[in-house]
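A.B. asks: Right, I'll just put the structure down here and ask away after.
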Amino acid sequence: MIGKIHSLESFGTVDGPGVRYVVFVQGCPMRCAYCHNPDTWEINAGTPMEPEYIIEQFERNRSFYESGGITVTGGEPLLQIDFLIDLFTKAKEKNIHTCIDTSGIAFNPESPELLKKYDTLMAVTDLIMLDIKHIDPEHHIKLCKQKNDNILAFAKYTGEKNVDLWIRHVVVPGLTDEDEYLYKLGYFIGELPNLKALDVLPYHTMGVVKYEKLGIEYPLKGTPAMTQKEAIEKKKVILDGIRAKRKELGLSESTDHLTEGDE
């Protein structure tokens, strides 16, 4: 199965546990206002690549990735689910840890045929890093030009399949940092039994230069970056929502494992 690949990175340290070999796929239907990889949007582009080549590159430096594995990000990896299945199946045959960094936008619970593919993919996936951009439907459309129905459905689906889940949320001043919605986000993910980590990431402006090179107007021009300290405070609001949901369900309210690394 041929994949459309944007680029490969041999030293990824923020793309899952340990040092990762990171595969950036080409193509994404989302148009997030703060996207820092607009060069991955175009679907009919990218370098054709076979899974065997990627596995070969990983194996050349296998000892380097002893505590890590392969992460596929993008773009949107789930747009190329057949390629993912092929790649991860071959990876698991060699006992390689597999991770998908996704928005979940390509999930469709109404398609039995597609669900079968997702079931197959989940069986060879060790970790999913899911970016939930905004919990509110209307705000999500304004922010990403797409609905969030299937994204939230995908989050619940990963729980049903018991695949380890890391939730990521970028806090952007004036867009995704309202306490009301942060709490609702926490309340939603609080019921997910497979939630292993929560990364609340401060908005930065490092992607602006890519927009300039591509001749694209940057949607958030003038929006200030958010500090790590501010992001940690916003994370506390999400954690409050998680605890509230777990209390309601009669589950342990401990979120200690979700606050590791916070200062």
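A.B. asks: Taking square-rooted eigenvalues a ≥ b ≥ c of the alpha carbon gyration tensor, is region 70-114 rounded, prolate or oblate, where a/c under 1.5 means rounded and, failing that, a/b exceeding b/c means prolate?
C.D. replies: Details: a/c = 2.65, a/b = 1.55, b/c = 1.71.
Oblate shape, in that a/c is at least 1.5 and b/c is the bigger or equal ratio.
A.B. asks: Pick from Ile85, Ile216, Ile43 the residue whose mean-square fluctuation is largest in a GNM of the chain, springs joining Cα atoms under 10 Å.
C.D. replies: So, out of Ile85, Ile216, Ile43, the one fluctuating most is Ile216.
A.B. asks: Which of rounded, prolate, oblate describes region 46-126, given a ≥ b ≥ c as roots of the alpha-carbon gyration tensor eigenvalues and a/c under 1.5 marking rounded, otherwise prolate only if a/b is larger than b/c?
C.D. replies: prolate
A.B. asks: I need the phi-derived Karplus couplings for region 120-131: 6.51 cos²θ - 1.76 cosθ + 1.60, θ = phi - 60°, integer Hz, Gly and Pro marked x.
C.D. replies: Each residue of region 120-131 in turn: 5, 5, 4, 5, 10, 10, 8, 8, 10, 9, 9, 8 Hz.
A.B. asks: With the Cα gyration tensor of the chain in hand, give its eigenvalues times 5 under a square root as the equivalent ellipsoid semi-axes, listed largest first in whole angstrom. Each step should come with its number before you reach the end.
C.D. replies: Values: eigenvalues 152, 105, 67 Å².
Listed largest to smallest, the semi-axes of the chain are 28, 23, 18 Å.
A.B. asks: Do me a favour and compute the ellipsoid semi-axes for region 166-258 from its Cα gyration tensor, root of five times each eigenvalue, largest one first, whole Å.
C.D. replies: Working: eigenvalues 192, 29, 23 Å².
After scaling each eigenvalue by five and taking roots: 31, 12, 11 Å.
A.B. asks: Mean-square fluctuation check for the chain, GNM, Cα pairs under 10 Å: which of Ser67, Ser103, Ser252 is largest?
C.D. replies: Ser252
A.B. asks: Further question on the same structure: Roughly how far apart, in whole Å, are the Cα centres of region 94-164 and region 192-226?
C.D. replies: 20 Å
A.B. asks: Another question, if that's okay. Hey, if you put +1 on the Cβ of every Lys and Arg and -1 on every Asp and Glu Cβ in region 3-258, which of Leu251, Val25, Met122 ends up farthest toward the positive end of that dipole?
C.D. replies: Farthest towards the positive end: Leu251.
A.B. asks: Each residue of region 106-114 in turn: what ³J(HN,Hα) in whole Hz from Karplus with 6.51, -1.76, 1.60 and θ = phi - 60°, glycine and Pro shown as x?
C.D. replies: After applying 6.51 cos²θ - 1.76 cosθ + 1.60, I find 7, 6, 9, x, 8, 10, x, 5, 5 Hz.
A.B. asks: I need to check one value: relative contact order of the chain, counting alpha carbon pairs closer than 8 Å and at least 6 residues apart, in percent.
C.D. replies: Relative CO of the chain lands at 16 percent.
A short reminder: the numbers here are calculations on the coordinates, not readings from a lab. All values derive from a computational prediction rather than experimental measurement. Heads up, the Cβs are rebuilt from the backbone with ideal geometry, glycines too, and the neighbour counts pull from every protein chain shown.
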